[in-house]
Amino acid sequence: MRVLVIGSGGREHALLLGLAADPSVTDLFAAPGNAGTEGIATNRSVDVASADAVVALAKELAADLVVIGPEVPLVLGVADALRAAGIAVFGPNKAAAQIEGSKAFAKDVMAAAGVRTAHAEVVDSPADLDAALDRFGPTWVVKDDGLAAGKGVVVTTDRAKARDHAVECLESGHPVLLESFLDGPEVSLFCLVDGQTVVPLIPAQDHKRVGNGDTGPNTGGMGAYTPLPWLPDETVTQIVDEIVKPVAAELVSRGTPFNGLLYAGLAIGADGPAVVEFNARFGDPETQAVLALLRSPLGQALHATATGTLAELPPLQWDDGAAVVVVLAAENYPGTPRIGDVVVGADGEGVRHAGTARDADGKTVSAGGRVLAVVGTGADLAAAREQAYARLAEIKLPGSHFRNDIGLAALEGRISV
Ligand code: GLY
């Protein structure tokens, strides 16, 4: 099977590594890829937002399967164009990808499917903002109703900060969503979805804030671990049965079936799981940890999803133990990152490249905010953490930063439901 993976981050590097380990995958291509993916795939340049360009590349490469990593091509309809050209694609069509692309659409689907989520109001005019803020908070949850790479959400007890973020979104032409605050530890549950068939992967927990102890602004994700020792197995079953399956069925009934990876971001509160958000693709960096434990062939799972045969896929097998991923971020991330520095140790064991490129001398240089994602595995969370941080210690990047508490609260038994 010839597989083309669209995207250039740590998630795509992890997907390519998983695909490379599948004997049914004969040829691998990444577009555009990064300095790490070129070791396992042929990198090709492409404008991922151009459906015509992606279709032309997939045809030129005679791809049997195209896996779309990031959300932007999905919400722009790149999967639609590939399907129309008769190419198998892992990733939802534009209409179903609105579950991520429009928070208001996601709320509407959840209401119709009877799924628990935060109460929300859309504000699209500055004139309505103050009265709406008065109906919420503290704590205020203010979301940009568009794609914002995980950084469009501000959760704060400071009304002025909430208002400033809302005004910024409105001034950039996006409506904002005000939400009631959902209490409880967060879970990322990734599900392969092919219409109404739902196959969950193992649950993970992201660390979204930039600083240790969940301080500072939100990022795309600074680290993750899996599985979650504090989450009962029956809660995963409950999430699948009461949340993901009803949402998948609602999308089918609207004539916009979801095909790809439905990512449920949840808060596990006193009343059970409630949806914080849905995404229409694998999460980053949770994917790097989750796929490190997948024993089943990844290419066959993604191909079965893409071709509507997920119900026939044998149950997924997982390694025992745990995986931890720690993100090494460039100086000033999540603001405008410093880029162009040589990264020493970037090709070490467990390293997934995220924002990297090659300089004229062939050296790996930083090229984005999240530069590397370093994965450790082990018999338990403690061992996996130890390996991830030992691997990270071998890497040098001027001005870079990382969190040193990924998975620590779980390890110390400070998370319970
Ligand atoms: N880890 C957060 C995201 O992928 O959106």
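The values are calculated or read from the model by the stated rules, or taken from the named source; none is laboratory data. All values derive from a computational prediction rather than experimental measurement. Note that we place each Cβ from the backbone using ideal geometry, even for glycine, and neighbour counts take in every protein chain shown. Side chains included, ligands, DNA and RNA excluded: accessible areas come from the protein's heavy atoms. Shrake-Rupley method; radii C 1.70, N 1.55, O 1.52, S 1.80 Å.
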Which residues qualify? For Gly223, with a placed amide H closer than 5 Å and at least 5 residues away or on another chain, they are His207, Val327
Where nothing but the Cβ of Lys and Arg (+1) and of Asp and Glu (-1) is charged, how large is the charge dipole of the chain around its Cα centre, in debye to the nearest 20? 440 debye
Using Cα centres only, tell me the gap between the stretch 54-106 and the stretch 1-46 in whole Å. 16 Å
Within the chain, percent of DSSP bridges classed antiparallel, to nearest 5: 80 percent
What spacing in nm lies between the two simple spin-label points modelled at Ser50 and Glu312, each 7 Å away from Cα in the Cβ direction? 3.7 nm
Identify, among Tyr263, Gly220, Val275, the residue whose Cα sits farthest towards the positive end of the charge dipole of the stretch 220-275, taking +1 on the Cβ of Lys and Arg and -1 on the Cβ of Asp and Glu, with the dipole about the Cα centre. Gly220
Lys, Arg +1 and Asp, Glu -1 on Cβ, resulting dipole of the stretch 177-259 about Cα centre, debye, nearest 20: 280 debye
Length added when fully stretched, Ser125-Asp158, from 0.36 nm per residue minus Cα-Cα: 9.8 nm
Compactness of the stretch 111-163 - radius of gyration and Dmax, Cα, Å: 12.1, 35
Applied in sequence order to the stretch 224-240, the curve 6.51 cos²θ - 1.76 cosθ + 1.60 (Karplus, θ = phi - 60°) yields integer Hz couplings, x standing for Gly and Pro, of 7, 9, 7, x, 10, x, 8, 9, x, 4, 5, 5, 5, 4, 4, 4, 5
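For the stretch 182-240, what class follows from the C-alpha gyration tensor (a ≥ b ≥ c being the square roots of its eigenvalues): rounded when a/c is under 1.5, otherwise prolate if a/b is larger than b/c, else oblate?
Numbers: a/c = 2.52, a/b = 1.83, b/c = 1.38.
Prolate shape, in that a/c is at least 1.5 and a/b is the bigger ratio.
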Please report, for the Cα atoms of the stretch 231-365, the Rg to one decimal and the Dmax as a whole number; what are they, in angstrom? 18.9, 57
Using a 1.4 angstrom probe and counting only protein chains, how large is the accessible area of Phe402 in Å², to 10? 90 Å²
Quickly work out the Asn212-to-Ala21 label distance, labels modelled 7 Å from Cα along the C-beta direction, and quote it in nm with one decimal. 3.1 nm
Could you pull the Rg and Dmax for the stretch 1-123, using just the Cα atoms, both in Å? 16.2, 50
Decide, for the stretch 218-281, between rounded, prolate and oblate: order the square roots of the alpha carbon gyration tensor eigenvalues as a ≥ b ≥ c, take rounded if a/c falls under 1.5, and otherwise choose prolate if a/b is larger than b/c, else oblate. oblate
Highest mean first, how do 128-134, 93-99, 191-197 rank when packing is the count of other Cβ atoms within 10 Å averaged over residues? 93-99, 191-197, 128-134
Using the Cα gyration tensor of the chain, with a ≥ b ≥ c the square roots of its eigenvalues, what is the shape: rounded (a/c below 1.5), prolate (a/b larger than b/c) or oblate (neither)? rounded
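Go through Arg295, Arg2 and list them by solvent-accessible area, largest first, probe radius 1.4 Å. Spell out each step's value before the answer.
Values: Arg295 140, Arg2 70 Å².
Result, largest first: Arg295, Arg2.
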P(r) of the stretch 67-213 over all Cα-Cα pairs, binned every 10 Å from zero, in whole percent: 10, 34, 35, 17, 4, 0
For the stretch 317-398, how big is Rg over Rh, using alpha carbon atoms and the Kirkwood form of Rh? 1.04
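Heavy-atom accessible area per residue, the chain, 1.4 Å probe: how many Å²? Intermediate results must be reported in sequence, preceding the final value.
Numbers: 15960 Å² over 417 residues.
With all protein chains present, the chain gives 38 Å² per residue.
Given only helices, namely DSSP H runs of n ≥ 4 each adding -39500 (n - 2.57), what is the per-residue ellipticity at 222 nm of the chain, to the nearest 500 deg cm²/dmol? Numbers along the way, then the final one.
On the way: 14 runs with 121 residues, N = 417.
Helix-only estimate at 222 nm: -8000 deg cm²/dmol.
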Rounded to the nearest 10 Å², the 1.4 Å probe accessible area of Ser400 is 40 Å²
Report, to the nearest whole %, how much of the accessible area of the stretch 92-211 belongs to carbon and sulfur atoms, 1.4 Å probe, protein only. 50 percent
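Report, in debye and to the nearest 20, how large the dipole of the stretch 62-176 comes out about its Cα centre when Lys and Arg carry +1 and Asp and Glu carry -1 on their Cβ.
On the way: 11 positive and 16 negative charges, 66 e Å.
Dipole about the Cα centre, nearest 20: 320 debye.
On a full-extension model of 0.36 nm per residue, what is the gain between Ala249 and Asp183, subtracting their alpha-carbon distance, rounded to one decimal in nm?
Value of the extension gain: 21.1 nm.
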